[in-house]
């Protein structure tokens, strides 16, 4: 008798759980619902109920020379009865759409074409070009530039005015080098459609806390502080080299500690590293992960650009460190050490206008790469 009652109780609980699961099944996939798709002027457009959060892309080789081009739409949800299989387009074998996970919608385009398509998502629309001749349609170009206008970048040229920063002789002065790189970067980003501000427009001194405060007031999406490094003593001038990127987090290596101490000196004169590091750790922001991603993309593109024309350029890596200039930034923020002004070759490179243009180009491409994969 007791066993029967127990079985009935278990059965009742099971039925209630099943009912609740079915009743709330729609909420399990609540998110950004796919609305419709269109093909116009060689582009596949996918529309959703709200702004697209993030899109990633990769390819998978298939049989008979066909390749799968895969787009994952994060936050995307495919309502019952919706899809894109009804479409057809020249050179495209098939269109498919499916719910890869409760929080990720997957689009697969099978084609014999060999291409690396540029996709673009602005607001609630994802645009995938279907004509891949190495050119982007004028509509897509216009959309890309318009989307970039939605992003604001603040560039911080390190030091300035009474603060020369690092130097090597009377000509190689950090504040001048980094202002030149910053100006080139500003022009390149503006040409690409970004809204750009600089914390200093000339050779003036700007207190470190005021720099991120300025970025916050401008509601910047990205903050980039540009510097040039220096060896700790003259006997090591030939030893210390490399492009280094730092994001705000407690410094772990001696090299990161030295770099942070050098740049923080104007704020913490007379205080030891441990006091400074402990203080900055208390007010670090939550943007560490995004800043790290931004740093990785900038590092990759900077090195790629300068190495193509100047050969081997040392990679100093992307590292955590406590830089006062990054404290308080309410957006992804990195500090770029463009190289060691005290190194015989790097110091000369930093005085070369073309080299500085390549540094700026690399930083700009790193920003674009980060935003594309964000």
In the range 308-328, which residues are in contact with a strand residue (DSSP E or B) (Cβ under 9 Å, 6 or more places away or on another chain) and either within 20 Å of residue 177 (Cβ to Cβ) or surrounded by 24 or more Cβ atoms within 10 Å (Cβ to Cβ) (or both)?
-> 313, 314, 315, 316, 321, 322, 323, 325, 326
Within the range 42-67, work out how many residues are surrounded by 13 or more Cβ atoms within 10 Å (Cβ to Cβ) and over 19 Å from residue 127 (Cβ atoms).
-> 3
If only one of 319, 293, 312 is assigned to a loop (DSSP other than H, G, I, E, B), more than 18 Å from residue 185 (Cβ to Cβ) and in the same structural domain as residue 179 (by TED's automatic domain parsing), which one is it?
-> 312
Matching residues in the range 84-102 - criterion: being part of a loop (DSSP other than H, G, I, E, B) and touching a residue at least 40 places away in the same chain (Cβ under 8 Å) | 84, 87, 89, 102
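Output the residue which, of all residues in the range 322-374 that are in a strand (DSSP E or B) and on the phi < 0 side of the Ramachandran plot, is farthest from the chain's Cα centre (by Cα).
Initially, the range 322-374 is screened for residues in a strand (DSSP E or B), giving 333-340.
So of that shortlist, the ones also on the phi < 0 side of the Ramachandran plot come out as 333-338, 340.
Working: 333: 10, 334: 10, 335: 14, 336: 14, 337: 17, 338: 18, 340: 25 Å.
By that ranking, first place goes to 340.
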Within the range 285-321, considering residues that are farther than 19 Å from residue 352 by Cα and free of Cβ contacts under 8 Å to residues at least 12 places away in the same chain, the one farthest from the chain's Cα centre (by Cα) = 286
Does residue 175 satisfy being outside any loop (DSSP other than H, G, I, E, B) and modelled with pLDDT of 95 or more?
-> yes
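Check 353, 304, 357 and return the single one that is farther than 16 Å from residue 184 by Cα, modelled with pLDDT of 90 or more and surrounded by fewer than 22 Cβ atoms within 10 Å (Cβ to Cβ).
Numbers: 353 fails: farther than 16 Å from residue 184 by Cα; 357 fails: farther than 16 Å from residue 184 by Cα.
304 is the lone residue from the list that is farther than 16 Å from residue 184 by Cα, modelled with pLDDT of 90 or more and surrounded by fewer than 22 Cβ atoms within 10 Å (Cβ to Cβ).
The values are calculated or read from the model by the stated rules, or taken from the named source; none is laboratory data. All of these numbers come straight from a predicted model, not from anything done at the bench. Cβ coordinates were reconstructed from backbone atoms using ideal geometry, including for glycine residues, and neighbour counts include every protein chain displayed.
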